[in-house]
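First comes the structure, then the notes that go with it.
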Amino acid sequence: MSGLPQRPKTIGILGAGQLGLMLSHALTALGADVIILEPTENAPAALQTPFVTRARFDDVDALHAFFNRCDRVTYEFEHIPTAALRTVLQNKEDAGKLWPSVSVLEYAQNRISEKKALAAACAPLAEWREIQSCTDLEREKDFWLSNRKATILKTATGGYDGKGQWRLSSEKDWIEALDYLAGKQLLFPMVLEEMCDLRMEISIIVGRHPELGTCVFPAFENIHHAGILDTTLFPARVPNEWANEARKIALNIAEQWDVRGLLCVEFFIVDVNSQTRILVNEVAPRPHNSGHVTRRAMTRSQFDILAQILLDLPLKTEPIQPHRSWAMWNTLGNLWLQTNDFEKTVSWPSQLLSHRSVCEALLYGKKEARAGRKMGHVILNANDAEQNLKTIASLRSTFPSEPRGSST
């Protein structure tokens with residue numbers, strides 16, 4: 001411990017969404033001062049944190065002043081312009097303050113850079129191609145169709161929760177995609193990736209400090225609807241050998257990239273030629289939606305572990321009730337769009353908490369509901385995962401909605 005600097009007390013967070021909100025609470029609980037930089041007024045953390053710098057993420061002067069006030073800085077989402085950050089980090093006094101590093105952030109911002117960095121770390125990946133233009137895409141068509149391989153085409157930057165993606169499994173799909181993308185060079189470059197026979201999606205979160213070691217969370221099982229995470233189950237319903245292999249891969253990536261902070265690695269468990277393989281899908285160098293379940297299922301949540309890393313505190317967490325099954329359910333804006341009375345939904349968490357399986361029902365305080373927007377989450381536990389899934393299906397129907405429409 002003698003090699004560590006004086007323990008930092010002021011932590012900066014770039015971004016004031018729900019991840020920044022929950023991280024700021026964890027930091028404050030450990031005695032840290034928290035400052036947030038956020039360009040908008042009504043972001044969840046900006047509404048509940050007293051010290052907020054209102055500025056754009058590419059405002060170099062504002063970033064200079066922000067970093068000067070902080071002992072360390074982290075970020076709660078990936079879509080932050082890195083040119084301004086690199087300018088600020090050229091200052092000797094600020095050079096090591098950003099955790100995880102700007103290089104790791106850039107890997108996560110660009111799917112091509114991400115896949116190349118993952119390959120360099122020997123992470124298992126699905127077959128993929130770098131696509132720079134419609135001409136490149138046209139060249140690939142015959143290969144994938146002749147080999148009867150379905151693919152997914154993704155923009156290299158931007159796009160999340162299923163956005164910026166095209167599934168190509170037939171000649172018709174390819175022709176429609178090529179027609180749509182003709183003349184839209186701004187959408188390139190892209191990644192073309194094989195779609196494997198998916199059995200399950202899991203994620204592993206690694207917390208890493210360069211001197212205090214690492215904390216690797218158990219595997220989370222993730223269920224998506226329309227490309228958006230709907231439910232996380234913990235522990236994941238996978239054999240121990242699969243979970244252990246995923247943990248080793250995630251830890252190796254974090255070490256190879258010298259991650260300082262959190263890294264979530266999302267995996268596909270797939271069948272290839274009658275064999276099960278674990279492939280890396282993508283990474284997120286920050287708290288992750290699937291890790292919200294740790295707020296109740298572990299002695300230290302993902303936010304607590306990141307706070308401890310940023311404050312140079314020892315890392316340790318354990319499952320609270322390992323014999324129980326836990327679940328996290330995202331409450332999306334689709335639910336809100338079913339009711340004409342937005343204010344009526346404010347009391348919904350207290351109603352949910354009366355259910356014997358629910359141990360947390362949290363709304364993030366967002367002022368506008370949109371389809372697919374994460375408005376809050378619910379954490380439950382039960383004897384098994386099937387019971388949690390049945391309870392979530394029942395809870396959807398308790399939302400104060402109009403009789404029209406679907407709750408999913």
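Readers should treat all values here as calculations from the given coordinates under stated rules, not as data from a laboratory. Nothing here was measured: the structure is a model prediction, and the numbers come from that model. Every residue, glycine among them, receives a Cβ derived from its backbone with ideal geometry; neighbour counts consider all protein chains shown.
One table, with the values for the structure above:
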{"quantity": "For the chain, built as a Gaussian network whose Cα springs stay under 10 Å, the top-fluctuating residue of Glu360, Glu140, Glu201", "calculated": "Glu140"}
{"quantity": "For region 127-194: relative contact order, % (alpha-carbon pairs under 8 angstrom, 6 or more apart)", "calculated": "51"}
{"quantity": "Helical contribution to [θ] at 222 nm, DSSP H n ≥ 4, -39,500 (n - 2.57), averaged over the chain, rounded to 500", "calculated": "-9000 deg cm²/dmol"}
{"quantity": "Shape call, the chain: gyration tensor on alpha carbons, a/c limit 1.5", "calculated": "rounded"}
{"quantity": "Zone of Asn273's modelled label, taken as backbone nitrogen in region 140-154 under 20 Å from a point 7 Å along Cα→Cβ", "calculated": "143-151"}
{"quantity": "Potential lengthening between Ala120 and Asp142 on full extension [0.36 nm per residue; Cα-Cα distance subtracted]", "calculated": "5.1 nm"}
{"quantity": "Shape category assigned to region 197-396 from the gyration tensor of Cα positions, a/c cut at 1.5", "calculated": "prolate"}
{"quantity": "23 Å Cα-Cα reach of Lys366 towards lysines, excluding residues that sit fewer than 8 places from it in its own chain", "calculated": "Lys163, Lys344, Lys374"}
{"quantity": "Sorted largest first, extent of region 133-275 alpha carbons per principal axis (Å)", "calculated": "52, 34, 26"}
{"quantity": "Alpha-carbon Debye profile of region 127-194, log10 I(q)/I(0) at 0.24, 0.27 Å⁻¹", "calculated": "-1.09, -1.40"}
{"quantity": "Overall form of region 114-154 per C-alpha gyration tensor (a/c, 1.5; a/b vs b/c)", "calculated": "oblate"}
{"quantity": "Eligible lysines near Lys92 by straight Cα distance, threshold 21 Å, same-chain separation 8 or greater", "calculated": "Lys9"}
{"quantity": "Highest-fluctuation residue, Tyr364, Tyr180, Tyr75 considered, GNM on the chain with Cα pairs under 10 Å", "calculated": "Tyr180"}
{"quantity": "Candidates Asn240, Asn383, Asn147: whichever shows maximal mean-square fluctuation once the chain is modelled as a Gaussian network with Cα springs under 10 Å", "calculated": "Asn147"}
{"quantity": "Extension gain, Ile175 back to His225 (0.36 nm per residue minus Cα-Cα distance, nm)", "calculated": "15.4 nm"}
{"quantity": "In nm, spacing of pseudo-spin labels at Gln185 and Glu318 (7 Å Cα→C-beta vector)", "calculated": "6.1"}
{"quantity": "Percent RCO, i.e. relative contact order, over the chain, from Cα pairs under 8 Å lying at least 6 residues apart", "calculated": "13"}
{"quantity": "Out-of-range pairs (alpha-carbon distance over 24 Å; input Lys115/Lys149; Lys115/Lys316; Lys97/Lys367)", "calculated": "Lys115/Lys316; Lys97/Lys367"}
{"quantity": "Modelled FRET efficiency - R0 51 Å, Asn68 with Ser133, Cβ distances, 0.05 increments", "calculated": "0.75"}
